[in-house]
Structure formats: C-alpha cells, structure tokens
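The values are calculated or read from the model by the stated rules, or taken from the named source; none is laboratory data. Nothing here was measured: the structure is a model prediction, and the numbers come from that model. Using ideal geometry, Cβ is built from the backbone for each residue, glycine included, and neighbour counts are taken over all protein chains shown.
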Number of protein chains: 2
Amino acid sequence: MVSENGAVNEDLVKERQNCSFNTLELTHLLDGGEAKTLERKEREEYFLSDPAFKDEVPMEYLSHQEQYEHSVRKACHMFRKLQEMPHGSMDNFREPPVESVAQRIKQLLGGMLGSAILKDGNPLALHYVMFLPTLAGQGTVEQQAYWISRAWNLEIVGTYAQTELGHGTFIRGLETTATYDPSTQEFVLNSPTLTAYKWWPGGLGHTANYAVVVAQLYTQGKCHGIHPFIVQLRDEETHMPMPGIIIGEIGAKLGMNTTNNGYLGFKQVRIPRENMLMKNNKVLEDGTYVKSPSDKLTYGTMMFVRVVICQDMASYLSKAVTIATRYSAVRHQSEMKPGAPEPQVLDYRTQQYKLLPSIASVFAMKFSANWIWEMYNVVNSELDQGDLERLPELHAVSCCLKALCTSDAASAVEIVRLACGGHGYMKSSNLPSTYGLVTAACTYEGENTVLLLQTARYLMKTWQQARSGQTLTPSVAYLNLYSDWRQPRTVWENTTDCVIKAFYQVAAGKVKAAAEHMERRAKGGMTPEDAWNETSIELVAASTAHCRAFIVEKFIETVSKTDVSRPLQAVLCQMAELYAVYWLLNNKGDFLMFSNLSPADVDGLQLWLEQLLTKLRPNAVGIVDSFDIHDDILASPLGAWDGRVYERLFEESQKSPLNKEPVNKSFHEYMKPFLRSNL
Amino acid sequence: MVSENGAVNEDLVKERQNCSFNTLELTHLLDGGEAKTLERKEREEYFLSDPAFKDEVPMEYLSHQEQYEHSVRKACHMFRKLQEMPHGSMDNFREPPVESVAQRIKQLLGGMLGSAILKDGNPLALHYVMFLPTLAGQGTVEQQAYWISRAWNLEIVGTYAQTELGHGTFIRGLETTATYDPSTQEFVLNSPTLTAYKWWPGGLGHTANYAVVVAQLYTQGKCHGIHPFIVQLRDEETHMPMPGIIIGEIGAKLGMNTTNNGYLGFKQVRIPRENMLMKNNKVLEDGTYVKSPSDKLTYGTMMFVRVVICQDMASYLSKAVTIATRYSAVRHQSEMKPGAPEPQVLDYRTQQYKLLPSIASVFAMKFSANWIWEMYNVVNSELDQGDLERLPELHAVSCCLKALCTSDAASAVEIVRLACGGHGYMKSSNLPSTYGLVTAACTYEGENTVLLLQTARYLMKTWQQARSGQTLTPSVAYLNLYSDWRQPRTVWENTTDCVIKAFYQVAAGKVKAAAEHMERRAKGGMTPEDAWNETSIELVAASTAHCRAFIVEKFIETVSKTDVSRPLQAVLCQMAELYAVYWLLNNKGDFLMFSNLSPADVDGLQLWLEQLLTKLRPNAVGIVDSFDIHDDILASPLGAWDGRVYERLFEESQKSPLNKEPVNKSFHEYMKPFLRSNL
C-alpha cells in the first residue's frame, strides 16, 4: 500500500484518473480566472520558497516565548518581502478607500498564505487589518497624512484596543475614560478598574508601539460615549512602556499563540488633543464637543471584516477537507467483505457523509461571501446617493452570515478531523490548529448568538411590515410570499425549486412562530424586553433558518448560472444539491412543520442524499485537488499531494526534540531512583 | 462588581442564598454517601496540598520536552504518594479480579484528581490502566506471579502496544509478526513495513521499559491471529532501547501532550517463549499451538474501560459546566432594558439554553454509567453460571453508550466554552485542555462511528427476531412493543411517560426504516455487505436513537426512585425532563414521523423547555456547587469558588514568562532593525 519514496500514492493516482471533470477549470473558476491563478501561484512561490520561513524545529515543540520570538522574526521578514515584491507591491495601495487597501493586503497575504508562514497567528496582523483601516476611516485629512504615512512605511507598529477584560460585545459599557483637560489641551486616559483594562488586541502584548484606543470621552464635565484615540504605548527607540502604560500579554490560548494578544491599563496617561481621531466627532481646543451625523465609513470597515471572515472560513475549511479527503483515499481500514482487501475509508458511506457535505460547505461559503460583497458594493453606491434604505438589510445579512459561516466551519473542521481518526489528533496533521483558528472566529468580531439576535431584530421588524402588507427588500421578500404559511400543501418534489421554496417556507414559519410567541408574552403582561429574552431561543433559530435559506438559494443560483463545461457544471450542481438536502434532512422537523414535505417524502430525500454521495464519491479527490492548495500551506502529512501519509507522519515525528536522544534525562533524575527504591 | 481581595463575589453569594435545595445532600448522593464524600475530600487534600505538584510556571509556557520532564517528575511523585497513602493504600489490591483493582486505582487517582495533577496526561497511566490489567487478564498463574509482582511494585513500567501506524479499529489487520523459533524456544518479533510500527500507546515514547505487544502469531508455518507478548523495550539500568527496538514519541498532539504517546518498530527482536501471555492460548515448546475456548476476561476489561470512559466524560463535563456556570453568574453583559445595569449573562435565555442542558447531561452520563456497570455485574454472574445469553446485549449497549457519552461531552464542552466568550479561549480557563481530553475519547477505545455500527448490527438482528415474534431481552424489548409503529396515534401529553414512550417509538421507527432500506437494497441485487454500507448513515442514526432512548429512560427512572428530600427531588426531576425535552426538540422530525407527536404539539414542548430553564435558573450555581470540585481540580480563573474571575485572569496572565521582562529581545533583534530601515 505504501508508495516508493518520492512516488505518488497509487490510490491517489487512480482517484485522479477517475475524476470526471477538468480540475484546472474549477481552480480557475475559484480563483476568478486563469490569470489570477497564475498570480496566486507566483505569489506563493515568492514567499514559500524562502528558506527564512522554514522551521528547523516545528513551532509546537518550542516554548511559548520562543514561539513568539520566531513569529516576530518571520512577520518582519514577511513584511519586508511584501515591500520588495516585484509585482503587486504595496506602493499602489497607499491611499484610501480603506476597504480596497485592506482587501489588497488580504489578497496578498491573508488567509491561507499568511497561515502557512505563521500557522498560529501573526503578531503584526492587526497593524494592517485594524490599525491602518481605522486611521484611514476615522482620521481627519491631516491625521491621515501624518499617521497613515508612518504606518504604511512601517516606521511604527499599531494595534486596535477596544475590548476590555470585563466588556466585549456591549461596547457602550466600556470603562476606559479619556478626559479632556483644556488647560494643557490634552486627553487623560485612565483605567478606573481592573475590568477596564484592554484585553485581547493582537500584537498589543509586546509588539505594537502605538494603538488606537477606544475610550469614553469626557469633556466639560459630560460623557459623550466612546471615541477613538491614538496612544503611544512604547518608546520608539527602547520599546519600554511609556509612563502610566501597564502592558503585557494575556497568556496562552487554545490557538493563535503567536498573535501576542495583550492587555493594557492606563494610569492617567496624557496624549495631545490632536490624537483623538476626529473625522466624525471633534473636541475643540476649549473642550467644546462637536458631533458629526455621519458614520458611514465605520460601517464599511465592519462589513469588510465580516466578508473577510466568511472568505477565511471557506479557506480554512478547504484546507481541512483537502487533508481529510486525500487521507481517506490513502487510508485502508477494516473488512467490508470477508476475505477481501481492506477498502479505502473513502468507500465507506459514513465517511462520505462526513467529508462531502463539508466540501460542499466550502463552496456555499465562498459563493455567499461573494454575493454579500456585491450587495455591499451596491448598497454602498446607493449610500453615496444618500439612499440608506438597504443598510439595515445589509447589516442583518452580514450578521447571520458571519455567525453561520464560522459555526458551520468549526463543526465541519471537527467532523473531518475526527474522520481522520487518531492521526487527526496529531498537531502535525494541521487540523487541530486549523480548528483553533476557526473556532476563535465564532467569538471575535461579534459573538455568534449576539449576531443572530441582531438579525432576528431585523426579521421581527420586517415581519410586522409584511403583515401590514408592505413590500419588503429582496432578502426578506419571502416573508411577503409566505406570511401565511398554512397554505394548501402541494406535492413534494425532489427538485431544487421545491427545495429552495421549502427553505424559505421554513424560515417564514420560524420567523412567524417567534413573532407570535413574543406577542403572546407581551399580551400576557411581560415587558417587551422580557418577552424578547424569553423568546430568544426561537429568535436565534429563526435567524439561522433565514440565513440557511439564502445560502442554499445563492449556492443553487450561482452554480446554475456559472458558465463552465458540462462535466464541471454537473459536479457543481451535485454539490449544491447535497448541501441543500443535507441541511434539509438535518432539520426535517422544521420542514415537516412548515413546508409541504410530508413524512412519506423523507425516505425519498434520504435516497437522494445517498445518490448524491455515490455520484460525488469518484470526484472527491478531484474537487479538493481543484482547491489547488500548496503542500506548504496544507502543512500536513495526511494531506500532501503525493499521499505519502505514513512516511510523512513518521518523518514529522522525528522532528520532536525528545526523539533526538535515546534516553531523556528525566529517567535518571526521577524515574530510575523511584523504580530502584521499589526493588 | 469586583469583589474585595479574598472575598467571594457578591453575585455568587446571592446565587447561593437563593438555591432551593441542600447542595450537600446532592454531593453525598453523587459520591455515593457522606462517608465517600469525606474519603474523597481527604484524598484530594492529601494529594493537592503537596507543593511538589504546584507549577511555578504553568506547563503551557514550557517547551514540549520540558513539559514531558515535569510530567515524569510529577507522575513518579504521585505514585510514590499512592504507595505511602495512609488510608486506602495499594496493598489490599494486589490480587485479581482485574476490574476491581483497576477500579480502585481509578477511584484513587483517575478522572478529576489525576487531571488536576497532570492536566495534559500522565506518562505512567497506561501502566495501571492497560499493562497491569492485561497481565492479570491474559497471563497464566505463573506469569501473573512474576510479572504482576514486578509491575505492582513499580520495579518496571509497562504499556500496551496494539494500534499500528496503518491499523487502528480493525485489529485483525495488524501487521506486526511474532514467529516462533522452536530451535531456541523464542518468538521473533518483526515489523515488516512502516505501517506495522506500533503507534499511539501512552508512555511508550520514552517512559515504559516493558510493553504487552499484540502481534500476529506464526508457528509451524501457520498464522494463528493476534496474541499478546511481553516485550522488554529498554534496559532496566540504562533505559537504552534494547537491540532491534526502534522507539520514540509520535509528536505533539491537540491535547494530552504529556502522555508520551510512542511508536515502536521491531527488527527481528527475540523474546523467550514464556513471554507470550498464555492464559487463553498456548504455544508449546515444540511450536504446537493450543487454542482455548474462553475469552471472558478480555471481555471484562473492555467493558470496564468503556464504563470508565463514560464516568470520565461525566467528570470532565462537570468541570466544564462548573467553570462556565459560575462565570456566567459573575459576568455582566449588555443592556437588557434601557438604562438598567448590565445583567448577569446567566439571565439570558440563550445562555441558560447552553448551560442547563449541558449540566443535565452530566447526570445523564453518570446514571447511565452506573446502570451499565450494574448490568455488567449481573451478566458477569450469569456468565459464571455458563449463561452467555445477554452478552451480545451488553456489548451493544456499551458500544453505543461510549459513543454517545464521548460525542455529547465533546459538543457540550465546546458549547459551554464558547458560552464563556473570549475568556473560554484562554488556556488558563482550563476549557481548551478539557476539550482536548474529551474529544480524544471520541476516537480511542473504539472509534464512535464504528461502535455505533456494532450496536446497529445487534439491532438489525434483534429486529428480525422481533418481527418473527420472539421475545427480546430488556434493552430491546421495545422492538416487540413498537414493531408496528404505524399504530393509531394517541393524544400527545407533556408527561415523562409519554416522552419515554416516544423516544422508544422513534428508536423502533428508525431501526425499522434502516432494516427495510437494507432489505430493499438486498432485494434489488446488492450483496449484503454493500447493502449494509449503503444504509450505514441510517444504521448509525438508529443506534443513536436507541441509545438516547435508554439514557432518557434511565435518567427519569433513576431520579424518580432516588430517596432524597423533596426540594432535591424536584431539581433532579427538572433536570431529567430538561434532558428529555431538549433532545426531543433537537430531533423533532423523528418524533413527528415515528411517535404520536404532531406539529401542533411542538409549541407546547418549546414552552415546557423554557419553563424548565426558568425553574432551574435559580439553582444553576447550586447544582454545579454540588459537584463539589476542588478549586485546584477546576484550575480555572473563571470557575473558582470565590468568583474572583477578573483578578484571577489577570494573575494568571502574570505567570507568562513573556511578562517577566518589559521588552522582549525580539524587538532589538528583528523589529527595531526593520522599523529603522523604513524611516
């Protein structure tokens, strides 16, 4: 079963021969065209061939401190290379709009390539992802001229400090204060309590020397809510913390251990008045507060971050399914038929059921992220015309999509990791650290339950509008159609049209149920807030159903209108159907209640699912091959292109420092004295 | 909100005042009586007060190698203390039966206490958990006399080597060979391929000097299948690997990084004939193979291990929910009502929905583990009378129970970890390493999908028996009752009787569906093996439903017959109902299809669930307090008894070595030169 040194595993060779479509065609489709594929591969080559990024000893064997030191070395080298890059250098991207700059950085270094170089987080990442966009989005023209130039050139390193030890989601509750002193024209930053300490910002611990700090602004004896301030944290020469700055890292985490997440306390730290970012609101020299009505740009950054998260989730999951699928083609296990050789585990129906819906999820996330990005651009141009109508809709869609992409990705990564058996538990498989990155996203940039409840608030409002006969915006137009879902049942058909309709009927049914139960509670004498809270399990479920419905719809729509060869089209349609039927069967109770599905139809759906697994099985390796993920990005003995799983697992084990000596000193120090004493 | 140094957090004080039952009564119930509680607390004090177990620097900051060295030091000290223990010393437990010995060790050091001392695994654990029981279970009287004595006294350290790099679940596929050479009366052990290398055994890497090795026995030119052999791995004096032994650790893992999991290859290693464990089968001096019919004791060890796993899962989950529940009482977040103070997150319905069903799961697992252990003892005494009738039933129950307890525990730990927001991502919260321990159990000792399919095989057989009118053994008797589940529907009632019946109707319905679909495939011309494989998604679902039904039934039965005070009884009944209704609603499609639940009843069930959450909310802290988990075992700033969450989080961060210096050397080495070059 094991291939010769250097040769490709024979099972993988066969899988690739049996693939029914052109994998390169799919690669180009996913990259956005052949030129983009080539550009990506050049970029990967430029970075990944650099020996400075290779670890002699894998990071997981080093101490926490050593890991940090290596990550600083690599991050500096990475940004140096970015500055020196022959094509696509940073020079063209020094000007706002922020989103396009940030997206360009993202494209160059984010997601998969970045995580190949710094598998467990980049201590300089927030400089680009948050510090620069905030300067650009919230600074005045003068502030941008000075600070953005210093930041772009990497003369200074910044981060973004908002979350506090005692305050996350609810930013109005932040405790850090910035009190204006007109006598010196300075703001005084202070942490009144321990829970006011900033906690979590990446790079804050020991890396950044500046930060945008979000604090409650006090001037002329009045609090004006939270505002952003540029604060110098460390001396530019010595890197010593500035006076009054209490700073360090928050400690080891489940993952992302080289992001250097930090804490930050203020003891009456004075900064010049000019360090308040004043694009929107201002404090004049005498302390007068001047409020601006617009906060559009802040909104844009948030939207951008959520789209990036959905793209990241698709990337991480594509990595995980590539690893698990190739491994499942190489791994043989058990006896299916007496006396026959052990089959590839990919031939087990239960294994297909773990892998193929997870592969389909990658496409679902990619297509949804593309769609919401297009929607954002449309809404954005409407905004420029002063039309704010679709802003709440966009907000509602981005909230639930972020929640579903992150939680789906986290479940799927664990499902496919467990599908690799014990070997998926090895750090070298790269699946554990992928999970660490993915599960973190369920919490950051809006905790998922909180986000789903934000979408629910929008749904409850639009439901009332639907009931009063108003015509709704596109993403909720189904509430007009199905506002009375107790319509005469039609016959169920195993077609995508019927399925899409059913998903929307379920969403409408659950929105309606939540709305009615909330009303019932309000009529029973509860305050609206209590009624909301008591109904919140159903509100979360309604948001989830709403989001699932449009992911399903966009997936099916996208693959049906994509201009590709017929063999590829067939595979993409099977993927979309699998995604839909999988989620339908996993929530069949809702469909039995709210759609025209009846119990007698369920067997047929199960069969449809199984037939899709059978059809997709021969293309499983081909599909993950199309993701075209460089071996150095996969970074997994289970997932490498050549399928030399066992040889690579063994080679990885040899990198453990414990294996460099036949006898560890603990034997002589502890064990031998103990064993001898028992003789 | 933050308490004075040393005082208990005021929210927790209030929660404890509002608890409606006597927490000590529940503690005694869970421990098995007041005397056992006292014994446990003495034992905890004896071990946990020892300064040798305290880490100056938390293990997560050390290198992999340093972590191993500390774990050997601690493990030796732990076993030394065990030998010197005033009460309950090892002396009384040197004789078989293996199960009672192993259980005693388990009781003394397993689960929670062991994981408090060695949070990420014990490199000596397999010596007690597998090496000793195997010697006792499979050795002849002479072999026991010699080897057990050496092992009990800890003159030697052993492990158990079965799994290979290329072979896990399917042990008949193991490749390691043991070929008998009558000319020297030795076995020759050999690894014919890389995939034949032993891979995974705990302590194998650098700790054990002996192992029981499972290998294919060849004698007189014939293979007799797998058998156990005692092999010396390392010299007792020098600890150097013995000739022909290729040995080391397999590398870093998602968790359990101090268990020292190892690999082991053989190059024609010779061992005396007497080193084959011959209680069951023998090889005579001339090479004649003598087979024994009995393998009862092997069976006992396996059963014991599965019960222990279920108990462990309950323990780990009780730790996780204690941490998350206390944190949720201390943490305040967001505005429920405009202008009102931020409420405790425990007051959010969605938070209750994450915590309380997870707390209920702890009880469900404990009670099911107790029940299966009683069943094992009954079946065991029947076996002594030669009655093997209930053996398959016991096997079927133990397989699916192990699968559900581990996968439920893994999901629940992640749900409550995520319910702690960002702070649950901190290693110091102890939730990440708890997940690492729990998710590992989904794979080891029988991969969950494989185990569920084993139960399914039993269910398919009993289904045929039910259909042919045979009376079935107790755990599957419901198949007799509901073999035709299209019975006239009765009216649904929100009562536990109706609920239990519905769970069994669902199980029967799913068993029947899987059986019929398999038959349909066989009739269509498929081989039985292919039909089995094609139906396996539904077979897994049938096993799961079967297992869930009896967990629900045993939970409700246990709490209704437990002799406790009325206030405690009320809480236990609410827990059991919550568990049942939670799982019912999460699978409501099955209930709509197979039980007398109709769509109109679902709202009522949702309300029942919500009312249970409301009733249990005031007792949430009281219930987890009753688990009575020592602060050193919880080992979490989020979960300590005093609720000083933020102070403790900050104190933990101060233990990071990176925080011992204001400026890390990487600034001068890498960052400053880079930043300067950009000026």
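Looking only at region B:583-591, decide whether some residue is closer than 24 Å to B:Leu568 by Cβ and modelled with pLDDT of 95 or more. If you could, list the steps in order and put the result at the bottom.
Start the filter on region B:583-591 by keeping residues that are closer than 24 Å to B:Leu568 by Cβ, which leaves B:583.
Adding the requirement that they be modelled with pLDDT of 95 or more leaves B:583.
Within region B:583-591 (the criterion being closer than 24 Å to B:Leu568 by Cβ and modelled with pLDDT of 95 or more), the answer is yes, since at least one residue qualifies.
Based on what the data block shows, is B:Thr562 more than 14 Å from every other protein chain (Cβ to nearest Cβ), touching a helix residue (DSSP H, G or I) at 6+ places or on another chain (Cβ under 8 Å), closer than 19 Å to B:Leu394 by Cα and modelled with pLDDT under 95?
Values: more than 14 Å from every other protein chain (Cβ to nearest Cβ): yes; touching a helix residue (DSSP H, G or I) at 6+ places or on another chain (Cβ under 8 Å): yes; closer than 19 Å to B:Leu394 by Cα: no; modelled with pLDDT under 95: yes.
Answer is no for this residue.
Pull up region A:440-483, narrow it to residues that are in contact with a Ser or Thr (Cβ under 6 Å, 6 or more places away or on another chain) and of a type in the set (Val, Ile, Thr), then point me to the one that is farthest from A:Glu538 (Cα to Cα).
Per the stated criteria, the residue is A:Val476.
Would you point out which residue out of B:Leu649, B:Leu605, B:Leu634, B:Leu675 is among the aliphatic types (A, V, I, L, M) and modelled with pLDDT under 95? Even if it seems obvious, please write down each step before you answer.
Working: B:Leu649 fails: modelled with pLDDT under 95; B:Leu605 fails: modelled with pLDDT under 95; B:Leu634 fails: modelled with pLDDT under 95.
Matching residue, one of B:Leu649, B:Leu605, B:Leu634, B:Leu675: B:Leu675.
Without any contact (Cβ under 8 Å) to a residue 60 or more places away in the chain and among the aromatic types (Phe, Trp, Tyr) - does that describe any residue in region B:169-176? Working first, answer last.
Within region B:169-176, the subset without any contact (Cβ under 8 Å) to a residue 60 or more places away in the chain is B:170-175.
Next, from what is left, pick out any that are among the aromatic types (Phe, Trp, Tyr): B:170.
Checked against the condition, which is being without any contact (Cβ under 8 Å) to a residue 60 or more places away in the chain and among the aromatic types (Phe, Trp, Tyr), region B:169-176 yields at least one hit.
Consider region A:491-504. How many of its residues are in a helix (DSSP H, G or I) and at pLDDT below 95? Don't jump to the end; show me each part of the working.
Keep residues of region A:491-504 that are in a helix (DSSP H, G or I), which gives A:496-504.
Still in the running and at pLDDT below 95: none.
Total satisfying the criteria: 0.
What single numbered condition from (1) within 12 Å of another protein chain (Cβ to nearest Cβ); (2) under 24 Å from the mean Cα position of the chain (by Cα) fails to hold for A:Gln606?
Exception for A:Gln606: condition (2).
Of the residues A:Ser636, A:Ser543, A:Ser626, which is under 28 Å from the mean Cα position of the chain (by Cα), within 14 Å of chain B (Cβ to nearest Cβ), under 28 Å from A:Glu42 (Cα atoms) and buried (at least 24 other Cβ atoms within 10 Å of the Cβ)?
Numbers: A:Ser543 fails: under 28 Å from A:Glu42 (Cα atoms); A:Ser626 fails: within 14 Å of chain B (Cβ to nearest Cβ).
None of the other options fit; the residue is A:Ser636.
Read through the list (1) farther than 30 Å from B:His28 by Cα; (2) more than 25 Å from the chain's Cα centre (by Cα); (3) more than 14 Å from chain A (Cβ to nearest Cβ), then give the number of the only condition that B:Ile500 fails.
Status for B:Ile500: all satisfied but (1).
Can you tell me which residues in region B:137-171 are within 23 Å of the chain's Cα centre (by Cα), farther than 14 Å from B:Trp199 by Cα and in a helix (DSSP H, G or I)?
B:Gly137
Identify all residues within region A:377-398 that are closer than 19 Å to A:Ala477 by Cβ and in a helix (DSSP H, G or I); write none if there are none.
Those that are closer than 19 Å to A:Ala477 by Cβ and in a helix (DSSP H, G or I): A:Val378, A:Val379, A:Glu382, A:Leu391, A:Pro392, A:Glu393, A:Leu394, A:His395, A:Ala396, A:Val397, A:Ser398.
A:Gly424: facing another protein chain (nearest Cβ under 9 Å), surrounded by 24 or more Cβ atoms within 10 Å (Cβ to Cβ) and modelled with pLDDT of 95 or more, yes or no?
Numbers: facing another protein chain (nearest Cβ under 9 Å): yes; surrounded by 24 or more Cβ atoms within 10 Å (Cβ to Cβ): yes; modelled with pLDDT of 95 or more: yes.
Criteria met by A:Gly424.
Return the residue satisfying two criteria in turn: it lies in region A:1-11 and is surrounded by 18 or more Cβ atoms within 10 Å (Cβ to Cβ) and at pLDDT 95 or above, and of such residues it is nearest to A:Phe79 (Cα to Cα).
So the residue we want is A:Asn9.
Considering region A:161-176 alone, what residues qualify as being surrounded by 19 or more Cβ atoms within 10 Å (Cβ to Cβ) and either at pLDDT 95 or above or not assigned by the TED database to the domain that holds A:Met242 (or both)?
Applying the first criterion (surrounded by 19 or more Cβ atoms within 10 Å (Cβ to Cβ)) to region A:161-176 yields A:161-168, A:173-174, A:176.
Matches in region A:161-176: A:Ala161, A:Gln162, A:Thr163, A:Glu164, A:Leu165, A:Gly166, A:Leu174, A:Thr176.
Scan region B:53-83 residue by residue and report those that are of a type in the set (A, V, I, L, M, F, W, C) and more than 11 Å from chain A (Cβ to nearest Cβ). Please lay out each step first, then the result.
Initially, region B:53-83 is screened for residues of a type in the set (A, V, I, L, M, F, W, C), giving B:53, B:57, B:59, B:62, B:72, B:75-76, B:78-79, B:82.
The answer is B:Phe53, B:Leu82.
Conditions tested, residue by residue: (1) in a helix (DSSP H, G or I); (2) surrounded by fewer than 17 Cβ atoms within 10 Å (Cβ to Cβ).
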{"site": "B:Val13", "(1), (2)": "yes, yes"}
{"site": "B:Gln17", "(1), (2)": "yes, yes"}
{"site": "B:Ser20", "(1), (2)": "no, yes"}
{"site": "B:Glu25", "(1), (2)": "yes, yes"}
{"site": "B:His28", "(1), (2)": "yes, no"}
{"site": "B:Lys36", "(1), (2)": "yes, yes"}
{"site": "B:Glu42", "(1), (2)": "yes, yes"}
{"site": "B:Asp55", "(1), (2)": "no, yes"}
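Could you list, in sequence order, all residues of region A:584-603 that are part of a helix (DSSP H, G or I), buried (at least 23 other Cβ atoms within 10 Å of the Cβ) and more than 9 Å from every other protein chain (Cβ to nearest Cβ)?
Of everything in region A:584-603, just one residue is part of a helix (DSSP H, G or I), buried (at least 23 other Cβ atoms within 10 Å of the Cβ) and more than 9 Å from every other protein chain (Cβ to nearest Cβ), namely A:Leu584.
So which of B:Tyr353, B:Tyr348, B:Tyr327 is without any contact (Cβ under 8 Å) to a residue 24 or more places away in the chain, closer than 30 Å to A:Ala531 by Cβ and either away from chain A (no Cβ under 14 Å) or of a type in the set (Phe, Trp, Tyr) (or both)?
Details: B:Tyr353 fails: without any contact (Cβ under 8 Å) to a residue 24 or more places away in the chain; B:Tyr327 fails: without any contact (Cβ under 8 Å) to a residue 24 or more places away in the chain.
Of the residues listed, the single one that is without any contact (Cβ under 8 Å) to a residue 24 or more places away in the chain, closer than 30 Å to A:Ala531 by Cβ and either away from chain A (no Cβ under 14 Å) or of a type in the set (Phe, Trp, Tyr) (or both) is B:Tyr348.
Take A:Gln654 and tell me if it is more than 30 Å from A:Ala542 (Cα to Cα), surrounded by fewer than 21 Cβ atoms within 10 Å (Cβ to Cβ), polar (S, T, N, Q) and at the interface with another protein chain (Cβ under 10 Å from one of its Cβ atoms).
Numbers: more than 30 Å from A:Ala542 (Cα to Cα): yes; surrounded by fewer than 21 Cβ atoms within 10 Å (Cβ to Cβ): yes; polar (S, T, N, Q): yes; at the interface with another protein chain (Cβ under 10 Å from one of its Cβ atoms): yes.
So A:Gln654 fits the description; yes.
Being of a type outside the set (Val, Ile, Thr) and either farther than 30 Å from A:Gly255 by Cβ or part of a loop (DSSP other than H, G, I, E, B) (or both) is the filter here, so list the residues in region B:57-78 that pass it.
Let us first name the residues in region B:57-78 that are of a type outside the set (Val, Ile, Thr), namely B:58-71, B:73-78.
Matches in region B:57-78: B:Pro58, B:Leu62, B:Ser63, B:Cys76, B:His77.
Which of the residues that make up region A:505-540 are within 11 Å of chain B (Cβ to nearest Cβ), more than 32 Å from the chain's Cα centre (by Cα) and not in a helix (DSSP H, G or I)?
Scanning region A:505-540 gives a single hit, A:Thr527.
Looking only at residues that are closer than 25 Å to B:Tyr582 by Cα and hydroxyl-bearing (Ser, Thr, Tyr) in region A:523-538, which one is surrounded by the most Cβ atoms within 10 Å (Cβ to Cβ)?
A:Thr535
Return the residue satisfying two criteria in turn: it lies in region A:427-473 and is on the phi > 0 side of the Ramachandran plot and not small (Gly, Ala, Ser), and of such residues it is nearest to the chain's Cα centre (by Cα). Can you show your working first?
Quick first cut of region A:427-473, residues on the phi > 0 side of the Ramachandran plot only: A:430, A:445-446, A:469.
From the residues that got through so far, the ones that are not small (Gly, Ala, Ser) too are A:430, A:445.
On the way: A:Asn430: 17, A:Glu445: 9 Å.
Among residues in region A:427-473 that are on the phi > 0 side of the Ramachandran plot and not small (Gly, Ala, Ser), the one nearest to the chain's Cα centre (by Cα) is A:Glu445.
Of the residues that sit in region A:380-400 and are among the aliphatic types (A, V, I, L, M) and surrounded by 14 or more Cβ atoms within 10 Å (Cβ to Cβ), which one is farthest from the chain's Cα centre (by Cα)?
We begin by selecting, within region A:380-400, every residue among the aliphatic types (A, V, I, L, M); these are A:383, A:388, A:391, A:394, A:396-397.
Going one step further and asking which of them are surrounded by 14 or more Cβ atoms within 10 Å (Cβ to Cβ), we end up with A:383, A:391, A:394, A:396-397.
Numbers: A:Leu383: 27, A:Leu391: 22, A:Leu394: 18, A:Ala396: 17, A:Val397: 16 Å.
Within region A:380-400, the match that is farthest from the chain's Cα centre (by Cα) is A:Leu383.
Test each condition in (1) without any contact (Cβ under 8 Å) to a residue 24 or more places away in the chain; (2) surrounded by 22 or more Cβ atoms within 10 Å (Cβ to Cβ) for B:Glu493 and report the one that comes out false.
For B:Glu493, the failing item is (2).
Could you tell me which of the residues A:Thr140, A:Thr184 is of a type outside the set (D, E, K, R), surrounded by fewer than 22 Cβ atoms within 10 Å (Cβ to Cβ), out of contact with any Phe, Trp or Tyr (no Cβ under 9 Å at 6 or more places or on another chain) and not assigned by the TED database to the domain that holds A:Thr288?
On the way: A:Thr184 fails: not assigned by the TED database to the domain that holds A:Thr288.
That would be A:Thr140, the only listed residue that is of a type outside the set (D, E, K, R), surrounded by fewer than 22 Cβ atoms within 10 Å (Cβ to Cβ), out of contact with any Phe, Trp or Tyr (no Cβ under 9 Å at 6 or more places or on another chain) and not assigned by the TED database to the domain that holds A:Thr288.
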